[in-house]
Amino acid sequence: MNRPLRSALRAASAALLATVTLAASATLGAVPASAAPAGLRGMDVSSYQGNVNWSAAWSNGARFAYVKATEGTGYTNPYFAQQYNGSYNVGMIRGSYHFALPDRSSGATQANYFVDHGGGWSKDGKTLPGALDIEYNPYGSTCYGLTQSGMRSWISSFVNQYHSRTGRWATIYTTTDWWTTCTGNYSGFASTNPLWIARYSSTVGTLPAGWSTYSFWQWASSGTFPGDQDVWNGTWDRLKVLACNGPC
């Protein structure tokens, strides 16, 4: 995801390591790249990774990828075609994600921009529902100047419009800290939207309210694959069910 989030997560891990006991730091500190959690392994990439060697990533065990498509309503990833199509062509199940800027325009407006610039969905067995990357503001105040109720309304506007356009509920990428701070730990999306949790630690920790489990876990910013390191909380067959929204 965006570099500010990776920096924040690394800083949080470093602070924890400096202040807790050795036993606690084993739980809360940064995870070595070799210590991948259980689950189907994958990755997420953006323009920072440029042209990705997808064949190598597949050979090393990556089976899915999320690719940044858009940010706000004024940015598209210049490497999107190579990354999105390249992952598909080597056999990965892949999806695209949108980096939200809730202070710039409405959720519905950004959902439309996302769908119109790579965020669509097709029932081909290899396309995941688009993801809403909603997290720390890299350009200003943490919650983009919105109240908790205002943020909940913005997210509702995005996911409802995305559903209207594609027939799918967007995956929500966030951290528990940001979600608690900026939505009031709202539980209302858990029944429809898969959770993609970001936490650089040896355990996934407490999840945002409403979600009893995660679908994806971004557990490290670097490792075997280009970009961020992720796991899917299940098997290949179950990932295909998510991609297909049922049998396909």
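The values are calculated or read from the model by the stated rules, or taken from the named source; none is laboratory data. Please read these numbers as outputs of a predicted model, since none were measured by experiment. Counting neighbours? That spans all protein chains shown, and the Cβs are built from the backbone with ideal geometry, glycine included.
Worth pointing out:
- Residues of region 138-190 that turn out to be in contact (Cβ under 8 Å) with a residue 40 or more places away in the chain, surrounded by 19 or more Cβ atoms within 10 Å (Cβ to Cβ), among the hydroxyl-bearing types (Ser, Thr, Tyr) and closer than 29 Å to Cys244 by Cα, as a count: 6
- Residue in region 205-217 that is crowded, with 17+ Cβ neighbours inside 10 Å, touching an Asp or Glu at 6+ places or on another chain (Cβ under 9 Å) and closer than 20 Å to Gly227 by Cα present: yes
- Taking region 44-68 as the range and being surrounded by fewer than 22 Cβ atoms within 10 Å (Cβ to Cβ), aromatic (Phe, Trp, Tyr) and in contact (Cβ under 8 Å) with a residue 40 or more places away in the chain as the test, only Tyr48 passes.
- Given (1) outside any loop (DSSP other than H, G, I, E, B); (2) more than 16 Å from the chain's Cα centre (by Cα); (3) of a type outside the set (D, E, K, R); (4) surrounded by 19 or more Cβ atoms within 10 Å (Cβ to Cβ), index of the condition Gly223 fails: (1)
- Residue count for region 61-108 satisfying the condition of being of a type in the set (S, T, N, Q) and within 28 Å of Thr142 (Cβ to Cβ): 7.
- Of all residues in region 112-128, those that are of a type in the set (Lys, Arg) have Cβ atoms under 7 Å from Cβ atoms of residues that are buried (at least 20 other Cβ atoms within 10 Å of the Cβ) and outside any loop (DSSP other than H, G, I, E, B), 6 or more apart or on another chain, in Lys126/Ile93; Lys126/Arg94; Lys126/Ala243.
- Qualifying residue in region 234-247 (condition: in contact with a helix residue (DSSP H, G or I) (Cβ under 8 Å, 6 or more places away or on another chain), polar (S, T, N, Q) and not in a strand (DSSP E or B)): no
- Scanning region 195-207 for residues that are closer than 26 Å to Val115 by Cα and either acidic (Asp, Glu) or in a loop (DSSP other than H, G, I, E, B) (or both) turns up nothing.
- Restricting region 106-126 to residues that are within 12 Å of Ala170 (Cα to Cα) and not aromatic (Phe, Trp, Tyr), the residue that is surrounded by the fewest Cβ atoms within 10 Å (Cβ to Cβ) is Gly120.
- Which numbered condition Ser202 misses (of (1) at pLDDT 95 or above; (2) in contact with a Ser or Thr (Cβ under 8 Å, 6 or more places away or on another chain)): (1)
- Enumerated helices (runs of 4 or more DSSP H) restricted to region 49-146, each holding at least 1 residues that are of a type in the set (Phe, Trp, Tyr), at pLDDT 95 or above and closer than 23 Å to Thr166 by Cα: 80-89, 107-116
- Subset of region 206-238 (residues that are touching a Ser or Thr at 6+ places or on another chain (Cβ under 9 Å) and aliphatic (A, V, I, L, M)): Leu207, Ala209
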